[in-house]
C-alpha cells in the first residue's frame, strides 16, 4: 500500500510541475488559463493524499474552478471574445 501512495504522489507532483510549465509556455492566454486550472486539480489531489480533504475541497473550488473562470471572463471582456 505504501508503494502505491508513493507512486501516486510522484505522478501528482509531476503533473503539477508539467501543467505549471505548460501554463508558462503556451502563447495563447486561454490555453495558459486552462493549464492553470489543471495545476489546481493536481494540487487538490496532492492535498487529498496528505489527508487534508478540507483543503483539497477548497483548492478544487478556488484553484481549479473559480480562478480560471474569473480569468476566462476577464479575457473575454478585454478581447471581445476573440483569442490571440
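Bear in mind these aren't lab numbers, they're just calculated from the coordinates by the rules spelled out. This is a predicted model, so every value here is computed, not measured. For neighbour counting, all protein chains shown are included, and Cβ atoms are generated from backbone atoms with ideal geometry for every residue, glycine included.
Here are the numbers:
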item: FRET efficiency estimate (nearest 0.05) - Cβ-Cβ, residue 2 to residue 62, R0 25 angstrom; result: 0.20
item: Rg/Rg_ref, the chain, where Rg_ref = 2.2 N^0.38 Å and atoms are Cα; result: 1.24
item: Degrees, to the nearest 10: 29-49 long Cα axis against longest axis of the chain; result: 20
